[in-house]
Each structure stands twice: as structure tokens, then as C-alpha cells.
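This report refers to the structure that appears directly beneath it.
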Amino acid sequence: MAVVLKTTVPGRVPGFRIPVAVTTNTFGKVPFDLTHWQKVAAEKYPDGLPKPFSSDPTQWLFNGSPAGADQPLQVAVARLLGYQWPRQTGSRFPDCPALDVDRF
């Protein structure tokens, strides 16, 4: 499913969002070629899906380090004020272990 969602959709305008209401019956009518998408996924990710990662401090997976962050200044200030991201407090996510204390 991750490969399907990341594939470019013809005619889609980036950044343009239209609210859509779709019933569950509609999804059953959409053709879906599982074999095709399994082949695409195998080509794109021969070693399996990558480990979860985010450099966006608004995401739970973010590691709390200013280095490599999308907004390093904001992350550094938050850390100096004592804020910790979930992974720094011992929270664990699938395939994403908790972080050691970094004494920042």
C-alpha cells in the first residue's frame, strides 16, 4: 500500500487538496492489481520497506536532534527549554527503538 500511495497520480496537482467523501462500497468497485503492485514494491524496495524515520519535529518518530532536523533552530530552542520528543522519553514504535539519553 505504501508504494501505491507514493506513486504519482496522473493529473494530480501538488499542494492542491479537495475534500472527498467516498463510501466503502466505492472502494470495492475500484480495480486493484495486487500482482502488479507487489512487483513494483519488490523493484523499489528489494530489501523490504525502509525503517521508519522523520526529520520533521511535528512527527512522533522524530529523534529530537537539531542536527538534520527540518527546523533546527526551533528544535534546539525546544530542547534548551526541556522539551523531549516521545522517542526520547522511552516510547517505542514498531521497527523504531527508543533512544538513549543524550544529556542535551
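The values are calculated or read from the model by the stated rules, or taken from the named source; none is laboratory data. Every value quoted in this text rests on a predicted model; they were computed, and no experiment measured them. Here Cβ is always computed from backbone atoms with ideal geometry, including for glycine, and neighbour counts include all displayed protein chains.
Filter the stretch 14-35 for residues that are of a type in the set (D, E, K, R) and modelled with pLDDT of 80 or more; which is surrounded by the fewest Cβ atoms within 10 Å (Cβ to Cβ)? Before you say what the answer is, go through the steps one by one.
Looking only at the stretch 14-35, we keep the residues that are of a type in the set (D, E, K, R), and these are 17, 29, 33.
Next, only the ones that are modelled with pLDDT of 80 or more stay: 29, 33.
Working: Lys29: 7, Asp33: 9.
Restricting to residues being of a type in the set (D, E, K, R) and modelled with pLDDT of 80 or more, the top hit is Lys29.
Of all residues in the stretch 36-53, how many are within 19 Å of the chain's Cα centre (by Cα), surrounded by 12 or more Cβ atoms within 10 Å (Cβ to Cβ) and modelled with pLDDT of 90 or more?
Residues in the stretch 36-53 being within 19 Å of the chain's Cα centre (by Cα), surrounded by 12 or more Cβ atoms within 10 Å (Cβ to Cβ) and modelled with pLDDT of 90 or more: 3 in total.
Return the pairs, sorted by first residue and then second, in which the second residue is loosely packed, with under 11 Cβ neighbours inside 10 Å and assigned to a loop (DSSP other than H, G, I, E, B), the first residue lies in the stretch 77-104 and is on the phi > 0 side of the Ramachandran plot and modelled with pLDDT of 75 or more, the beta carbons are less than 6 Å apart, and the residues are 6+ apart or on different chains.
The qualifying pairs are Asp95/Lys51.
Quick one: is Lys51 free of Cβ contacts under 8 Å to residues at least 12 places away in the same chain and charged (D, E, K, R)?
Working: free of Cβ contacts under 8 Å to residues at least 12 places away in the same chain: no; charged (D, E, K, R): yes.
Criteria not met by Lys51.
Check the stretch 77-86 and report whether any residue there is of a type in the set (Ser, Thr, Tyr), exposed (fewer than 14 other Cβ atoms within 10 Å of the Cβ) and assigned to a loop (DSSP other than H, G, I, E, B). Let's see the steps before the verdict.
Applying the first criterion (of a type in the set (Ser, Thr, Tyr)) to the stretch 77-86 yields 83.
Within this subset, residues satisfying the condition of being exposed (fewer than 14 other Cβ atoms within 10 Å of the Cβ) are 83.
Among the residues that remain, those that are also assigned to a loop (DSSP other than H, G, I, E, B) are: 83.
Yes, because at least one residue in the stretch 77-86 is of a type in the set (Ser, Thr, Tyr), exposed (fewer than 14 other Cβ atoms within 10 Å of the Cβ) and assigned to a loop (DSSP other than H, G, I, E, B).
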